[in-house]
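Asker: One structure, pasted below without further comment.
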Amino acid sequence: MAKLNLNGKIIDVVVDGDTPLLWVIREQIGLTGTKYGCGVAQCGACTVHIDGVATRSCALPISAVTEDQKIVTIEGLSPDGSHPVQKAWIEHDVPQCGYCQSGMIMTAAALLQANPKPTEADIASEMTNICRCGTYPRVKAAILDVAASGAMNRG
């Protein structure tokens, strides 16, 4: 049995220690906002926060996560969609097919939490998620708008 601190709740799960965190979140816990894309931690569709750090969950075994680590999924980022990054995504019409967007939002939120005023170079360096629809210019614009608004500096 493993204990996870997921979206502010301690959850017990019975899984093999080699089971990727993504599958525990999706299949055992039932939160399906975090997506499976590549299975090798390259595309970013599976991105969650672990202690505030954007982490690709598809290749991370559950045994590597402790109860003390705080895991946040897209569902826990803002249950009502009011997070500044989520609002900016809508304002900039970022999603097309939408498949990669939860991972993109989680990566952008972690970037802005760590660096509330990123440069375009910072964004290019940190936003390594893959979007087959090519929404990268809108992603960058949304992140720059959140930074300019100062929304991530507010408590």
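Asker: For Gln96, put the label point 7 Å out on the Cα→Cβ axis and report which residues of the range 130-155 keep their amide N under 16 Å from it.
Answerer: So the set is 130-141.
Asker: Further question on the same structure: Go ahead and collect, in residue order, the members of the range 94-114 whose backbone nitrogen is under 16 Å from a label point 7 Å along the Cα-Cβ direction of Tyr36.
Answerer: Residues passing the 16 Å test: 100.
Asker: Next question, about the same structure. For the range 63-135, what % of the accessible area comes from carbon and sulfur atoms, probe 1.4 Å?
Answerer: C and S atoms contribute 51 percent here.
Asker: Determine the per residue accessible area of the chain with all protein chains present and a 1.4 angstrom probe, expressed in square angstrom.
Answerer: 50 Å²
Asker: Per 5 Å bin, what percent of the C-alpha pairs of the chain does each bin hold, from zero upward?
Answerer: Computed distribution, short to long bins: 2, 10, 20, 23, 19, 13, 9, 4, 1.
Asker: Apply 1/(1 + (r/R0)^6) to the Cβ-Cβ distance of Glu67 and Ala124, taking R0 = 41 Å, and write down the FRET efficiency to the nearest 0.05.
Answerer: The pair Glu67/Ala124 has a calculated efficiency of 0.70.
Asker: Which angle from 0 to 90°, rounded to the nearest 10, does the C-alpha axis of helix 136-149 make with the longest principal axis of the chain?
Answerer: With both axes taken from Cα atoms, the answer is about 80 degrees.
Asker: List, in order, the whole-Hz ³J(HN,Hα) value for each residue of the range 94-111 obtained from phi through the Karplus relation with A = 6.51, B = -1.76, C = 1.60 and θ = phi - 60°; use x for Gly and Pro.
Answerer: Here the 3J(HN,Hα) series is 5, x, 10, 6, x, 4, 7, 5, 5, x, 4, 4, 5, 5, 5, 5, 5, 4 Hz.
Asker: Another question, then. Mind checking the full-extension length gain between Lys9 and Asp51? Use 0.36 nm per residue of separation minus the Cα-Cα distance, one decimal, nm. Can you show the working numbers first?
Answerer: Details: separation 42, 0.36 × 42 = 15.12 nm, distance 1.40 nm.
Answer, rounded to one decimal: 13.7 nm.
Asker: Work out the count of Lys pairs in the chain where the Cα-Cα distance is under 17 Å, with the pair 8 or more places apart or on different chains. Walk me through the numbers before you get to the answer.
Answerer: Details: Lys3/Lys70; Lys9/Lys70; Lys87/Lys140; Lys117/Lys140.
The result is 4.
Asker: Pick from Cys46, Cys100, Cys131: which residue has the top mean-square fluctuation in a GNM of the chain where Cα pairs under 10 Å get a spring?
Answerer: Top of the fluctuation ranking is Cys131.
Asker: Can you give the extra length, in nm with one decimal, that the chain gains between Asn153 and Gln113 once fully stretched, where that is 0.36 nm per residue apart less the Cα-Cα distance? Each step should come with its number before you reach the end.
Answerer: On the way: separation 40, 0.36 × 40 = 14.40 nm, distance 0.82 nm.
Result for the pair: 13.6 nm of gain on full extension.
Asker: Then there's this: How many Å³ per residue does the convex hull of the Cα positions in the range 16-104 occupy?
Answerer: 98 Å³
The values are calculated or read from the model by the stated rules, or taken from the named source; none is laboratory data. Note that the coordinates shown come from a computational prediction; the quantities given were computed from them, not determined experimentally. All Cβ positions, glycine included, derive from the backbone under ideal geometry; neighbour counts span all protein chains shown. Quick note on the areas: whole protein, heavy atoms, side chains included, nothing else; ligands and nucleic acids left out. Shrake-Rupley method; radii C 1.70, N 1.55, O 1.52, S 1.80 Å.
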